[in-house]
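See below for the structure under consideration.
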Amino acid sequence: MSGGMLPRRSIVILSPTPPIPRDYGHRNRVFQTLAYFRRMNFAVSFLLYPLDRDWATAVPPCYGDLAASFDYFAVVPNSRLLHQPARSYHHEIDEWWDDNIGQHLSWLFAHRRFDAFLVNYTYLSKAFEFAPPNTVKVLDTHDLLSDRRELFEKHGVPAEFFYTNRDQEKIGFDRSDIVIAIKQCEKQIIETMTDKPVICLPYWDDRAVDGRSQTAETQGFSHARPLRLGFIGAYNSVNIVNIRGFLAILARYVSLYNLPLEVLIAGNVCQGIDEDYPFVRKVGFIEEVADFYASVDAIVAPLEFSTGIKIKTGEALARQLPVLATRNAFDGFRPYHWTQDLPSVAAVCETIVQVAYGEVPPEELVIATRKAATAAARAQQQAFSTLRGHLVAASRRLLVIVDRPFWCRANSLDELAAKSIEFLAQLMPPIVCCISEQAIRPSKRTPRPFTSEFRSWTIHWRPCSMTYSRITT
Amino acid sequence: MDDSLAALLDDVFANYNVIATVIVAAVPQSEEQITGYLEAREITPWWLSIADGGADSGVLFRSSNTPWEPAYAMEQTQEDAAINIMAAAFEQRFLWDPR
């Protein structure tokens, strides 16, 4: 990690969703990578091209917090309709591109230097074309975008969001230097589509809290104290179709077994559930997910089909909350118990019956949850370590050590050193360290303005007996 | 100097892929001191030496393979010539990947 003498490395992040408030899964993912670069002591700038509904008609209250959170923060106004369906069968990879983003990036890269550029979602990958050659380009895919239409149609759901084909998605991957996949199976698919290095960075929640398990403390449930299961989700076809199908099947189990059960459903997905069931409580959008997780005994993830990783699964594991999940919903996390790897929605319902009547030892669920959480946290750390290695390898620099404060332009030697360094900068960005036996105090001799002489270079020095300075392009 | 330079180099090499190190020195003693320090850390630098006496005294650009027998040396007043030599040397040495 960078210490005190070198200026901080810098990164600009382009995203269609802000990292706060952390009320949606994709925002949590943006927060995860942002938090990583902050831990690495990067100076972080953020460019938001808002696609979320709460930004469609107004500037949300979080704007002030966002603006104060970054070295540079800007919202690129949309100049086109959002969330448009494909003009043909699939979206072209740049079909959602907005030239407003390009104009802002052109200005930004002309005025600021960035060591790295992180773009969220492959449909914004055209942004990489605006980055200087020596800026490391990192693509966080969030989700595979090819074959989505086919997946949705297979389950009788109209395609939504962005759906493309492999040829188009490959174009996006190839624009980057490093591709981040959100789960291992997507990493393997992406590696067949591009020669770029692909890192698997699974979602993990930094808000892990001390473990607690009401399930472990409860020896079976009763109608006085029913098993409380939680489901949280945004308003989208995947969540709506899956939860409606699940509730319809579960209703039969509840009736047949007289189950002591309450299902709490949170999030905007509630707006897509028309049916009412006596065992279901729709709480709608919630500001603070912690309260929701604290109010349930376990999370149920009954997804028969989906894309990407289930952030809600990660959130629950981080809180040591058991997850009763289909194989699809747990994909991307390592299962340690059969309740985390159920083959169907019917199997999920059978499992709920067993848990409600205490037929599954609570200790098993606790241990499996803890193991899955530990594995997920470890996977994240390993991915961060790999990402760091790739970032360093891609950050090619010249190290130039000079023995005089040449920027003072005191004599022709200084001019010569300055021109030499300027030449080297044409080849590759230099890190210039000035080592002098004497303190360099700018007040003794006012140097000519550096920025005009060296374009966007910056220089830092400490007035001490040994002075180290750095210039970078 | 040692502690400060060590910390600085640790920072640089931990965070960047340094493909070449160049010393631009006007004072021979400081060049030797820095060189010794770098070589102790198994960092082989190149030297761009700016001799005392002003630009008229010339520029030496030396390969680390022949530290005291300049591989690329010149006695010119034209800085452009020095820069051309540097470019040739770098291309020969590193086969630039101009990414």
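Nothing in this text is a laboratory measurement; each read-out follows from the coordinates by a stated rule. Everything numeric here is computed off the predicted structure, so don't read it as measured data. When we count neighbours, we look across all protein chains shown, and the Cβ atoms used for this are built from the backbone with ideal geometry, even at glycine.
Data for the structure
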read-out: Chain A - percent relative contact order, Cα under 8 Å, separation 6 or more; value: 12
read-out: Rg/Rh for chain A, where both radii come from Cα atoms and Rh is the Kirkwood radius; value: 1.06
read-out: Shielding of A:390-399 by partner chains, average beta-carbon count, 10 Å; value: 6
read-out: Cα-Cα pairs of the range A:20-124 separated by more than 24 Å (percent); value: 28
read-out: Value of Rg to Rh for the range A:300-436 (Rh from inverse mean 1/r over Cα pairs, i.e. Kirkwood); value: 1.45
read-out: Peptide A:407-419, shielding by other chains (average Cβ, 10 Å cutoff); value: 4
read-out: Relative contact order (%) - the range A:128-258, alpha-carbon pairs under 8 angstrom, separation at least six; value: 19
read-out: Sorted by Cβ neighbour density within 10 Å, fewest at the top, the residues A:293, B:16, A:336; value: A:336, A:293, B:16
read-out: Kyte-Doolittle mean at least 0.0 and Cα axial length at least 24 Å: DSSP H helices in chain A; value: A:237-257, A:362-394
